[in-house]
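Taking it in order: structure first as structure tokens, then the write-up.
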Amino acid sequence: SRAEFAACTDGLTGVHNHRHLHEHLTGEVSKAVVKQSRVAVLFVDIDHFKAFNDRWGHILGDEVLRAVALIVEGQIRRDDIVARYGGEEFVAVLSDTDLAGGLQVADRIRDKITAAPLVPGTARVTVSIGLAVFPEHATSKTELIEKADAAMYEAKRLGRDRIQVYNDELAGIKLLPTEKPRPRFSPTP
């Protein structure tokens with residue numbers, strides 16, 4: 001129904017919303033446990049998005065969000081989902097996908113976004129992508145998202161426009177969206 005569609009869709013980008021992401025991922029992790037398969041999660045964050053908005057304005061910023069959502073959606077299979085996580089962040093849930101498969105998808109997403117000016121006449125856009133896989137990196141849905149998020153922050157710290165796979169050195173790095181990287185990180189320009 002239209003009401004159900006609205007309840008699970010992000011109004012601006014047309015991809016799934018935060019709530020639907022959590023419901024879907026709960027199901028995928030349960031299936032993976034039963035089937036002894038894997039679930040890969042990509043945490044995709046648009047680099048320097050605030051600066052883009054400040055320079056080009058929110059209308060073009062919204063166009064970039066829509067364009068990125070479409071590109072991510074275009075690189076995943078029918079049974080996979082992409083959701084807007086918040087602000088300029090998107091999460092893709094790739095069912096039955098191992099680390100190598102997750103990296104392939106992440107690579108395609110990054111290449112497509114980097115290759116074309118998303119909004120003609122404006123600056124090119126890049127993304128930082130964090131990747132975590134259940135059960136290698138995480139034992140629960142919440143931990144899987146946290147670890148993909150931590151990997152994405154590491155990709156930002158290492159200079160942005162890159163893909164970072166979660167590893168144990170990133171354990172305990174839990175940044176809230178409003179936090180600045182902790183002092184143990186080298187500050188990014």
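Computed quantities for the displayed model
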item: For Ser140, net neighbour charge (Lys/Arg +1, Asp/Glu -1) across residues whose Cβ lies under 11 Å away; result: 0
item: Computed [θ] at 222 nm, helices only, for the chain once each DSSP H run of length n ≥ 4 contributes -39500 (n - 2.57); result: -14000 deg cm²/dmol
item: Rounded to 5, percent antiparallel among DSSP beta bridges of the chain; result: 85 percent
item: Accessible area in square angstrom per residue, segment 63-111, 1.4 angstrom probe; result: 44 Å²
item: Local electrostatic count at Thr126 - Lys and Arg +1, Asp and Glu -1, tallied over other residues with Cβ under 9 Å; result: +2
item: Distance (nanometres) between label positions extended 7 Å along Cα→Cβ at Arg124 and Asp96; result: 3.6 nm
item: Label zone at Lys31, where the point sits 7 Å out along the Cα-to-Cβ direction: segment 105-141 residues whose backbone N lies under 13 Å; result: none
item: Cα-derived Rg over Rh, computed across segment 44-140 with Rh taken as Kirkwood radius; result: 1.00
item: Protein accessible area in segment 1-146, 1.4 Å probe - carbon and sulfur %; result: 54 percent
item: Where labels lie 7 Å past Cα in the beta-carbon direction, separation of Arg108 and Asp168 in nm; result: 3.3 nm
item: Centroid-to-centroid separation of segment 82-106 and segment 144-158 [C-alpha atoms, Å]; result: 12 Å
item: Under 11 Å, Cβ to Cβ, from Leu65 - net charge with Lys/Arg +1 and Asp/Glu -1; result: -3
item: Within segment 60-89: backbone nitrogen closer than 16 Å to the Asp54 label point (7 Å, Cα to C-beta); result: 61
item: Accessible-area ranking of Leu21, Leu70, largest first, probe 1.4 Å; result: Leu70, Leu21
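The values are calculated or read from the model by the stated rules, or taken from the named source; none is laboratory data. No experiment lies behind these values; they were computed from the predicted model shown. Cβ atoms come from the backbone with ideal geometry, glycine included; neighbour counts cover every protein chain shown. These area figures cover heavy atoms from the full protein model, side chains too; ligands, DNA and RNA do not enter into them. Shrake-Rupley method; radii C 1.70, N 1.55, O 1.52, S 1.80 Å.
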